[in-house]
Amino acid sequence: MALLRMDNVLVVVTDLDAAIAFFIELGMELEGRAELEGEWVDRVIGIDGAHDEIATLRTPDGNSRLELTRFHNPAAVGPNPKDLPVNALGYRRIMFAVDDLDETLDRLRAQGAELVRDVVQYEDAYRLCFVHGPDGIIIGLAEPLKEGG
């Protein structure tokens, strides 16, 4: 037996439409959208009476997927991700490779993204930064500076 692939990463959001728009602006493609509820959902996620709406997006190469979820019942819980630093326990960021960091930042700022701090260069390999996306989700952006990066 072998692991086949990582299928997707789930991110819970409060405004599904805004989150979809943000990730489409980043360059992801919407695969589908659905509302989920019923016994099978309750049994899988361990929450009775769950009702949520999901959207699945994929990267242009088709190899990675992001599932965005807005809970109608029960409401999402937990700390605001914007209040948590990158070194907080748990999933803290999603990193994307982009071909033009400055142009990507301009487009994402129009969707409400804010730099965590600065755009930096890591050796001669990448220009990169972290931004706060929808609901304070930390998004990493890395522009390879060499071919094949």
Q: With a cut-off of at least 2 residues that are without any contact (Cβ under 8 Å) to a residue 40 or more places away in the chain, name the strands (runs of 3 or more DSSP E) lying wholly within the stretch 33-149.
A: 51-58, 65-73, 120-122, 126-132
Q: Among the residues of the stretch 98-114, write down those that are small (Gly, Ala, Ser) and surrounded by 15 or more Cβ atoms within 10 Å (Cβ to Cβ).
A: ALA113
Q: Would you check if there is a residue in the stretch 92-101 being β-branched (Val, Ile, Thr), at pLDDT below 95 and more than 18 Å from LEU30 (Cα to Cα)?
A: no
Q: Looking only at the stretch 115-131, decide whether some residue is over 30 Å from VAL77 (Cβ atoms), under 15 Å from the mean Cα position of the chain (by Cα) and surrounded by 11 or more Cβ atoms within 10 Å (Cβ to Cβ).
A: no
(Q) Looking for something polar (S, T, N, Q) and either farther than 18 Å from GLY27 by Cβ or out of contact with any helix residue (DSSP H, G or I) (no Cβ under 6 Å at 6 or more places or on another chain) (or both) - is there at least one such residue anywhere in the stretch 114-122? (A) yes
Q: Could you give me the residue pairs with C-beta distances under 9 Å whose first residue belongs to the stretch 10-27 and is in contact (Cβ under 8 Å) with a residue 60 or more places away in the chain, whose second residue is hydroxyl-bearing (Ser, Thr, Tyr) wherever it lies, and which are 6+ apart or on separate chains?
A: VAL11/THR69; VAL11/TYR91; VAL12/THR69; VAL13/THR69; GLU25/THR104; LEU26/THR104; GLY27/THR59; GLY27/THR104
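The values are calculated or read from the model by the stated rules, or taken from the named source; none is laboratory data. Everything numeric here is computed off the predicted structure, so don't read it as measured data. Cβ atoms come from the backbone with ideal geometry, glycine included; neighbour counts cover every protein chain shown.
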